[in-house]
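> Supplied in structure tokens, the structure appears directly below.
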Amino acid sequence: AARSVVFLLLAAGLFVGGLEARERLNRALVPDFSAGAGPAAELEAWLNPPDYTGLPPVKLDAGKTEPLRVAQGSSLMARVFGGRDVPSMSIDGVTTPFKIIDERNYELNRVVEAGARLVVSSGERTLADWPLQIIVDQPPTIDADQEPTVTPRQALRLSYKAADDYGLARVWAEIRLPKIKKRSANVPANDGAKAPSLPAPKAEVLSLDLPISPPGAKEAREAGFFDLTPHRWAGRLVMLNFLARDDKSQVGK
């Protein structure tokens with residue numbers, strides 16, 4: 001008789017529970033203790049490209065899996081809220097743990113120079129998994145636009161065309177005397193031996209800055225005018241090189 005009362009109460013409970021009876025019964029028999037672990041870990045991440053690129057910061061979407069384009073040298077700032085374990089960031093298997101801010105907050109700043117895959121994890125849970133596409137900063141390119149010419153007032157006109165992926169920091173020309181061939185005193189003049197070449201001293205370089213308009217332009221095609229008639233090299237045969245530098249101090253020649 002006592003056992004029948006138990007089944008009667010169970011039937012009454014199922015009737016009162018209605019559509020939620022199964023779920024309520026399941027919660028009673030298999031309780032969920034995860035609430036005591038606190039909220040699940042959540043990731044927020046920002047990518048800050050180097051200042052010289054002029055690119056804006058980008059907030060990353062942890063749910064996306066397409067390749068993440070990253071300018072080389074970018075700073076990645078990530079924060080994790082919640083979770084029971086200290087999160088970590090792994091780039092190609094090299095793992096760095098987050099810094100503990102407090103019991104539920106973690107932070108990490110890391111410069112990304114290379115890598116093919118970036119993963120952020122909290123315990124056994126993967127918070128983000130991004131393939132990486134590193135954008136390498138290329139050195140600038142430069143060439144003469146026209147042959148050097150002389151104006152009616154005897155000024156030297158030098159014109160160039162240059163380009164850089166993020167912007168030109170400086171463009172200039174260098175003029176130096178050519179290498180001098182000097183015969184050794186111990187070698188007769190008619191023995192057919194090749195005379196050794198001696199480079200001009202390093203100090204013997206004339207540097208001429210060329211304009212960039214606008215400053216920091218990615219492409220420039222400009223000309224500069226220089227009065228070199230008082231210079232002691234005036235009228236001599238010289239070597240001329242055009243050079244361009246970007247904000248990463250890479251030089252194209």
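The values are calculated or read from the model by the stated rules, or taken from the named source; none is laboratory data. Only a predicted model underlies this, so the values are computations on that prediction, with no experimental measurement involved. All Cβ positions, even for glycine, are placed from backbone atoms using ideal geometry, and neighbour counts span all protein chains on display. Just so you know, the surface numbers come from the protein's heavy atoms only, side chains and all, with ligands and any DNA or RNA stripped out. Shrake-Rupley method; radii C 1.70, N 1.55, O 1.52, S 1.80 Å.
> Going through region 117-139 one residue at a time, which ones are open to solvent by less than 60 Å² (accessible area, probe 1.4 Å) and free of Cβ contacts under 8 Å to residues at least 40 places away in the same chain?
VAL119, SER121
> With the condition kept exactly as written, say whether any residue in region 214-226 is farther than 30 Å from PRO50 by Cβ, at pLDDT 95 or above and surrounded by fewer than 16 Cβ atoms within 10 Å (Cβ to Cβ).
For region 214-226, residues farther than 30 Å from PRO50 by Cβ, at pLDDT 95 or above and surrounded by fewer than 16 Cβ atoms within 10 Å (Cβ to Cβ): present.
> Another question about this same structure. Counting just the residues of region 60-104 that are polar (S, T, N, Q) and in contact (Cβ under 8 Å) with a residue 40 or more places away in the chain, which one comes out nearest to GLY123 (Cα to Cα)?
This residue is THR65.
> In region 100-116, which residues are of a type in the set (D, E, K, R), touching a strand residue (DSSP E or B) at 6+ places or on another chain (Cβ under 8 Å) and open to solvent by 70 Å² or more (accessible area, probe 1.4 Å)?
Within region 100-116, ARG104, GLU113 meet the criteria.
> How many residues does region 201-239 hold that are more than 23 Å from GLU147 (Cβ to Cβ) and in contact (Cβ under 8 Å) with a residue 12 or more places away in the chain?
Going through region 201-239 one residue at a time, the tally reaches 4.
> Please go through region 73-99 and give me each residue that is aliphatic (A, V, I, L, M) and either modelled with pLDDT of 95 or more or touching a strand residue (DSSP E or B) at 6+ places or on another chain (Cβ under 9 Å) (or both), ordered by number.
Selection gives LEU76, MET77, ALA78, VAL80, VAL86, MET89, ILE91.
> Can you tell me which of (1) part of a loop (DSSP other than H, G, I, E, B); (2) touching a Pro at 6+ places or on another chain (Cβ under 7 Å) is the one PRO139 doesn't meet?
Failing condition for PRO139: (2).
> Suppose we keep only residues that are of a type in the set (Val, Ile, Thr) and surrounded by 13 or more Cβ atoms within 10 Å (Cβ to Cβ) within region 73-95. Which one would you say is farthest from VAL136 (Cα to Cα)?
Applying the filter and picking the extreme gives VAL86.
> Looking for something surrounded by 14 or more Cβ atoms within 10 Å (Cβ to Cβ), within 30 Å of GLY216 (Cβ to Cβ), at pLDDT 95 or above and touching a Pro at 6+ places or on another chain (Cβ under 6 Å) - is there at least one such residue anywhere in region 57-72?
Yes - at least one qualifying residue is present in region 57-72.
> Residues in region 188-209: is at least one under 37 Å from the mean Cα position of the chain (by Cα), modelled with pLDDT of 95 or more, hydrophobic (A, V, I, L, M, F, W, C) and assigned to a loop (DSSP other than H, G, I, E, B)?
No.
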